[in-house]
Amino acid sequence: MDKNWSISLEHEEYIKDVRLVIKESIEAVEQTGKGYYVNIVTPASFGHPDDYLTGVLSEGFGSTIEMKFIDQCGCGGYVLRVWKNN
């Protein structure tokens, strides 16, 4: 996608399936165009994304991405912003 966007992975099937959250997070980063970011909203049930997601993304994408934890939502989920480098 050649724009900044968000994906919500905090509802229904995602709440109990960390592998699905990781898989769809990877796909979201892959779909994001260079120079843009995706906000990945993860479920509260798995805790902070540093505990299970940022390492996987760093390992898979290396220096082609930058990440920043944004905030915990009022609903309990977490927002991780991932930029694709130019």
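Summary of values
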{"quantity": "Number of the condition not met by Asp2 [criteria: (1) under 13 Å from the mean Cα position of the chain (by Cα); (2) more than 18 Å from Gly77 (Cβ to Cβ)]", "calculated": "(1)"}
{"quantity": "Residues of segment 1-53 satisfying the condition of being crowded, with 17+ Cβ neighbours inside 10 Å and among the hydroxyl-bearing types (Ser, Thr, Tyr)", "calculated": "Tyr14, Ser25, Thr32, Tyr37, Thr42"}
{"quantity": "Residue ID - nearest to Val79 (Cα to Cα), chosen from residues in segment 12-66 that are out of contact with any Lys or Arg (no Cβ under 8 Å at 6 or more places or on another chain) and of a type in the set (Ser, Thr, Tyr)", "calculated": "Thr42"}
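Taken together, the values in this text are just the output of simple stated rules run on the coordinates, not laboratory data. Please read all numbers here as calculations on a predicted model, not as lab measurements. No Cβ is skipped: glycine too gets one built from the backbone with ideal geometry, and neighbour counts run over all protein chains shown.
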